[in-house]
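Reading through the structure tokens given below for one structure.
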Amino acid sequence: MALENFADEAPASAAQPPQFLKLQKSGMGRLAVAHRMREGDILVAIDGDLFLGDGETLKSAFEDFDPTEPDIAWLITFWRDGVFFSVCFDQPLKAKFDFATPEEAVQVVDGFKSLKFGPIENYQNFEVFKDLHRNAAMHETRSDSLAGIAPVLWMLNHRLYYPMIAMAIVYAITFLTHILLFLLAYGMTCLYVKRAQLNLLRSYHLFENKFYWFVLAGQSENEVRETCREIDPEIKFAFDKTAEQPKLNRLQRKQLREAEAKSQG
């Protein structure tokens with residue numbers, strides 16, 4: 001249901017708050033667990049449209065699903081502790097639900113008004129890994145053609161430095177031995193990295209002592225980073241630019257000292 005339609009119907013049903021589904025811990029499907037859904041997450045929207053209904057209504061939203069035909073994934077938006085986030089589901093969401101409280105429903109409706117969605121086909125999932133010091137890394141789950149063409153460049157792009165060095169050594173040794181041996185090694189590594197790229201990324205993050213934290217959908221990596229910061233304000237990504245403190249001139253420094261003296265007095 002579009003938000004405009006809900007606003008039109010609101011006066012007629014002002015006494016009854018909107019109904020949103022809230023995930024239960026038990027009965028959560030495999031895909032929901034893999035995408036790091038948790039108890040209490042409130043289902044807000046499907047493909048950018050506000051979803052108001054029960055479990056049967058939710059089933060009808062996935063009636064076009066055909067497991068034999070790849071199609072655009074559903075963009076499902078959730079609300080957790082005041083933060084909206086979206087996840088792409090290529091299969092119907094399976095879970096057991098309660099209903100959100102009236103207070104939660106009001107917060108969701110108010111917050112949803114400020115959300116903006118782009119074309120649904122532009123969204124993709126990103127897996128986010130994080131260590132105990134909140135250092136994080138992420139990668140998209142969509143296959144990258146560069147992995148099967150230039151594995152070393154693909155590893156450099158994702159900062160997989162140790163595998164990249166090992167592969168470069170193999171290339172150097174085989175090239176110096178015989179050009180045919182080099183071509184064979186290059187072809188085999190291209191095939192392997194293309195097929196195993198997602199597992200390579202996950203394994204390397206685990207090697208860096210980062211645990212599997214979240215799955216978030218977005219149109220770009222920057223958009224997903226911003227959502228991560230809303231969920232965890234202390235999260236840190238590689239090459240993040242910290243805001244520089246403005247340098248004070250002598251008059252500003254004098255005013256600051258006077259203000260500190262007054263506060264101490």
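The values are calculated or read from the model by the stated rules, or taken from the named source; none is laboratory data. Not measured: the values here are computed from a predicted model. Note that we place each Cβ from the backbone using ideal geometry, even for glycine, and neighbour counts take in every protein chain shown.
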message: Residues to consider are 238, 217, 185; find the one that is within 30 Å of residue 116 (Cβ to Cβ), among the small types (Gly, Ala, Ser) and crowded, with 16+ Cβ neighbours inside 10 Å.
response: 217
Residue identified as loosely packed, with under 14 Cβ neighbours inside 10 Å and within 21 Å of residue 136 (Cβ to Cβ) among 159, 229, 202, 250: 159
message: Can you find a residue that is without any contact (Cβ under 8 Å) to a residue 40 or more places away in the chain, over 17 Å from residue 201 (Cβ atoms) and of a type in the set (Gly, Ala, Ser) anywhere in the stretch 116-127?
response: no
field: Residues located in the stretch 180-228, provided they are β-branched (Val, Ile, Thr) and within 12 Å of residue 147 (Cα to Cα)
entry: 189, 193
query: Taking residue 97 and the conditions (1) touching a strand residue (DSSP E or B) at 6+ places or on another chain (Cβ under 7 Å); (2) among the hydrophobic types (A, V, I, L, M, F, W, C); (3) closer than 26 Å to residue 223 by Cβ, which numbered condition does it fall short on, given that it satisfies the others?
result: (3)
field: Meets criteria (out of contact with any Pro (no Cβ under 7 Å at 6 or more places or on another chain) and either among the charged types (D, E, K, R) or not assigned by TED's automatic domain parsing to the domain that holds residue 168 (or both)) for residue 129
entry: no
field: Counted residues, the stretch 75-107 - those being within 20 Å of residue 142 (Cβ to Cβ) and of a type in the set (Phe, Trp, Tyr)
entry: 2
query: Out of all the residues in the stretch 28-84, which are in contact with a strand residue (DSSP E or B) (Cβ under 8 Å, 6 or more places away or on another chain), within 21 Å of residue 120 (Cα to Cα), in contact (Cβ under 8 Å) with a residue 40 or more places away in the chain and aliphatic (A, V, I, L, M)?
result: 31, 32, 37, 42, 43, 44, 45, 50, 73, 75
Test for residue 112: is it among the hydrophobic types (A, V, I, L, M, F, W, C), within 21 Å of the chain's Cα centre (by Cα) and surrounded by fewer than 21 Cβ atoms within 10 Å (Cβ to Cβ): yes
